[in-house]
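First the structure, in the form of structure tokens, and then the observations on it.
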Amino acid sequence: MDSAEPEIKGNRILVVDDNAAIHDDFRKVLCGKNEERARRVRALERSVLDGDGDVPPESLKTLEASLYEVDSAFQGEEALERVRGSEREGRPYALIFMDVRMPPGWDGIETIRRIWAEFPDIEMVVCTAYSDYSWEEILEKVGNGERLLFLRKPFDTVSVKQMALALTRKWQLTRRLQGYVRQLEAEVSERTKSEERLRFEASHDPLTGLANRASLDRHLRTALEGHGDQSAGRFGLFYLDAARFKEINDTLGYRNGDRILGEIASRLERSLGKVAFVARVFGNEFALMVPSIDSEEAARKVARQICQALEAPFAVESLQLEVRVSISIVLYPDHGVTADELMRRADMTMWEAKRACGEVLFYEPKFDQFSPERLTLLGELRRAIASGDLQVYYQPKVDLKSGWVEGFEALVRWEHPIRGFMYPGDFVPAAERGGLSEPLSLWMLQKGIEQWKQWNGKGWDFSVSINLSAKELLVSDLPVLIGEMLRKHGMPAHRLVLEITERAMMEDPARARETMLAVSRLGVRLSIDDFGVGYSSLVYLRNSPVNEIKIDRSFVSQMADSNDDMTIVRSTISLGQTLGLKVVAEGVENERDFELLKQLSCDSVQGHYICEARPAGEIESWLTSTPWLEPSQGAAPAAKS
């Protein structure tokens, strides 16, 4: 048998006392190298930390030594220097036994305060026959009661060994947890960088480096949100088209055509990039959003500036080419008040400008010959909300530890008289852009809470989750409205879960957090929906009153076949548990994914493997026969597959 002393991390202990005899006493109790004694120390450690019962005194008395490295310091200043040195060496102290009185220098409490100011993780035991301070005074001075214990002199070996075992192990586990957190943060940081690259590529044109059409659309919507009263600011949207570009590509090749497009982008950036948002929207078409355009004359001035920037010939090989452009102009709010209207009308006007062979043309109503389908849809949706023609479907969530249904997510559906059955993606984005997201969310809240009351009356006590959009997070009286609904229907606040996307949280983080805090104070639980596809930082997550995170279905559905998605799911579960958050995986479609999530210690799941979303009446029928319902909830038990 190898008799080498086993290595235990976190076994360094510092004794700080001005009495040399005290140091000798601690070494007699704690130091030794015998392998059999080391084995018994480990057994004793398991008994102390795992709660297997009281430790017989003889178990300690027979241990003449332990596995600790004990160092000495006789004054506070010396102790601080030793701690600094141990950190530099990479062999830090886990525990310090500290005397109170050590004249003529710092006393023990002042020494603790100074050490903790630099190294707050070290465990401390104050050793004294009497105290010059009350417990409250000590806490006021050192400010960290969680890592502070008292040991009265004269102390017995049992107390010393128990404290050494428990506190060094506590320090070691804390360090290990901190390492896990750092590892998770590093993984999330790397993923964030990758996402930033992907977001840049998704929002920029790869040829010119300009923003693309999708980015222009987002920029327009952001600007319009700031100009909601139509008087806060005017701007112009300019589209320009480089004429005869097909001839250039056909004659000189696409490579040279791309060089000209790159030069056009550079000239626009140099000329107007400081004041305008410049984008390449398609092929040889570019767009500029220019603020503070308060008249057609101001817009014409910008158009002339664009033409001047592009009038110099473009050098291609040995040729000097002139490029003529057509320019269409729409003004906010004269020609439209939504991003869709402005971009659609800029497209229409550009077609007319090209027909006029290079004109600078403003939008006119005669160019718009069609009734926009989106406006019709918004009108129909407004009436459907008012008349209650929408439907609420419910999808169960199952707790993986118990295997029972714990709650339902409420999901809106619309049986349109002409378009047929519509899912949220078919109309919710239009509702958000058209100012209907607030009444839609309030209607869903009302229906979800009413449904809880009906189920509760039948003996079923589930949580109900409702989705909130970004705009609802910025409504100051939302907590008041929720509180009134809960009181009216007698629903306990903790049974209501509000699901919020990361994007919604980050649109206006300060205001969103204020609303979330107010809702959380009611007792309502908050969940981050589609976690992993947004941009929330760990700092924001840690400082927000969030109770739950939901792993997006895009990761769950691919995790069995993709190492990257498996890593994301595993890391998210670990991160949530480290932060004390419940973790729910959505989009669980089969038994394989269900079992994988159980192995990963995910808390809850939802998806078609459990049950697809159904109307409340069908859910009640499902509850009477499903094996996922806890018997105490009222249905006959059945064996789960």
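The values are calculated or read from the model by the stated rules, or taken from the named source; none is laboratory data. In this text the structure is predicted, and so the values were computed from the model without any measurement. Methodologically, a virtual Cβ is constructed for each residue, glycine included, from the backbone with ideal geometry; neighbour enumeration extends over all protein chains shown. Note: areas computed on protein heavy atoms with side chains; ligands, DNA, RNA excluded. Shrake-Rupley method; radii C 1.70, N 1.55, O 1.52, S 1.80 Å.
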Out of curiosity, is Y93 within 30 Å of G179 (Cα to Cα) and not in a strand (DSSP E or B)? yes
Only unsatisfied item for V302, checking (1) open to solvent by less than 10 Å² (accessible area, probe 1.4 Å); (2) in contact with a strand residue (DSSP E or B) (Cβ under 7 Å, 6 or more places away or on another chain), is (1)
The listed residue being under 22 Å from the mean Cα position of the chain (by Cα) and under 27 Å from H335 (Cβ atoms), out of S203, S189, S215: S203
Would you check if there is a residue in the stretch 29-51 being under 29 Å from F119 (Cα atoms), outside any helix (DSSP H, G or I), touching a Phe, Trp or Tyr at 6+ places or on another chain (Cβ under 6 Å) and modelled with pLDDT of 50 or more? no
Exclusive hit being closer than 23 Å to G523 by Cβ and of a type outside the set (G, A, S), set E415, E432, E450: E450
Residue check for S215: in contact (Cβ under 8 Å) with a residue 12 or more places away in the chain, part of a helix (DSSP H, G or I) and hydroxyl-bearing (S, T, Y): yes
State yes or no: is Q395 closer than 21 Å to S527 by Cβ, open to solvent by 10 Å² or more (accessible area, probe 1.4 Å) and at pLDDT 95 or above? yes
Have a look at E484, E472 and point out the one that is acidic (D, E) and either surrounded by fewer than 18 Cβ atoms within 10 Å (Cβ to Cβ) or within 26 Å of V569 (Cβ to Cβ) (or both). E484
Filter the stretch 349-374 for residues that are modelled with pLDDT of 85 or more and open to solvent by 40 Å² or more (accessible area, probe 1.4 Å); which is farthest from E297 (Cα to Cα)? E364
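Among the helices (runs of 4 or more DSSP H) lying completely within the stretch 474-534, list those that include at least 1 residues that are modelled with pLDDT of 90 or more, among the small types (G, A, S) and over 22 Å from L579 (Cα atoms).
Once the helices (runs of 4 or more DSSP H) in the stretch 474-534 are filtered for at least 1 residues that are modelled with pLDDT of 90 or more, among the small types (G, A, S) and over 22 Å from L579 (Cα atoms), what remains is 478-489.
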For the stretch 72-98, give me each residue that is farther than 17 Å from E123 by Cβ and aromatic (F, W, Y). F74
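Does K401 satisfy being buried (at least 18 other Cβ atoms within 10 Å of the Cβ), basic (K, R) and modelled with pLDDT of 90 or more?
no
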Going through the stretch 580-609 one residue at a time, which ones are surrounded by fewer than 17 Cβ atoms within 10 Å (Cβ to Cβ) and out of contact with any helix residue (DSSP H, G or I) (no Cβ under 8 Å at 6 or more places or on another chain)? G580, E589, N590, E591, R592, E595, K598, Q599, H608
Applying the selection to the stretch 138-163, what residues are assigned to a helix (DSSP H, G or I) and touching a residue at least 12 places away in the same chain (Cβ under 8 Å)? I138, K141, V142, R147, T157, V158, V160, K161, Q162, M163
Could you check, for the stretch 460-468, whether at least one of its residues is surrounded by fewer than 16 Cβ atoms within 10 Å (Cβ to Cβ), touching a strand residue (DSSP E or B) at 6+ places or on another chain (Cβ under 9 Å) and either part of a strand (DSSP E or B) or of a type in the set (S, T, Y) (or both)? no
Is the stretch 224-234 home to any residue that is in contact with a Ser or Thr (Cβ under 9 Å, 6 or more places away or on another chain), aliphatic (A, V, I, L, M) and surrounded by 13 or more Cβ atoms within 10 Å (Cβ to Cβ)? yes
If you scan the stretch 235-284, which residues turn out to be surrounded by fewer than 15 Cβ atoms within 10 Å (Cβ to Cβ) and touching a strand residue (DSSP E or B) at 6+ places or on another chain (Cβ under 8 Å)? V275
Scanning the stretch 103-130 residue by residue, those surrounded by fewer than 16 Cβ atoms within 10 Å (Cβ to Cβ) and in contact with a strand residue (DSSP E or B) (Cβ under 8 Å, 6 or more places away or on another chain) turn out to be A129
Which numbered condition I327 fails, given (1) crowded, with 21+ Cβ neighbours inside 10 Å; (2) more than 16 Å from A242 (Cβ to Cβ): (2)
Can you tell me how many residues in the stretch 88-101 are out of contact with any helix residue (DSSP H, G or I) (no Cβ under 6 Å at 6 or more places or on another chain) and either farther than 20 Å from N11 by Cα or not aliphatic (A, V, I, L, M) (or both)? 6
I need a count of the residues in the stretch 313-327 that are over 23 Å from F238 (Cβ atoms) and among the β-branched types (V, I, T). 1
Report whether or not S463 is under 23 Å from the mean Cα position of the chain (by Cα), under 22 Å from R614 (Cβ atoms) and of a type in the set (S, T, Y). yes
Is it the case, given these coordinates, that R169 is within 25 Å of G580 (Cβ to Cβ), open to solvent by 50 Å² or more (accessible area, probe 1.4 Å) and of a type outside the set (A, V, I, L, M, F, W, C)? yes
Test of understanding: among D294, D334, which residue is within 42 Å of the chain's Cα centre (by Cα) and modelled with pLDDT under 90? D294
Selection from the stretch 147-165 of residues open to solvent by 30 Å² or more (accessible area, probe 1.4 Å) and modelled with pLDDT of 80 or more yields R147, L149, F150, R152, P154, F155, D156, T157, V158, S159, Q162, M163
Look at the stretch 97-136 and say how many of its residues are among the acidic types (D, E) and free of Cβ contacts under 8 Å to residues at least 12 places away in the same chain. 1
Taking the stretch 269-291 and keeping only residues that are free of Cβ contacts under 8 Å to residues at least 60 places away in the same chain and of a type in the set (D, E, K, R), one is left with E269, R270, K274
Quick one: in the stretch 542-579, of everything that is outside any loop (DSSP other than H, G, I, E, B), open to solvent by 30 Å² or more (accessible area, probe 1.4 Å) and of a type in the set (G, A, S), which residue is farthest from Q183 (Cα to Cα)? S554
Looking at the structure I just gave you, is R113 within 43 Å of the chain's Cα centre (by Cα), more than 16 Å from T157 (Cβ to Cβ), at pLDDT below 55 and part of a helix (DSSP H, G or I)? no
Identify the residue in the stretch 271-318 that is part of a helix (DSSP H, G or I) and among the polar types (S, T, N, Q) and, among all such residues, is farthest from T338 (Cα to Cα). Q308
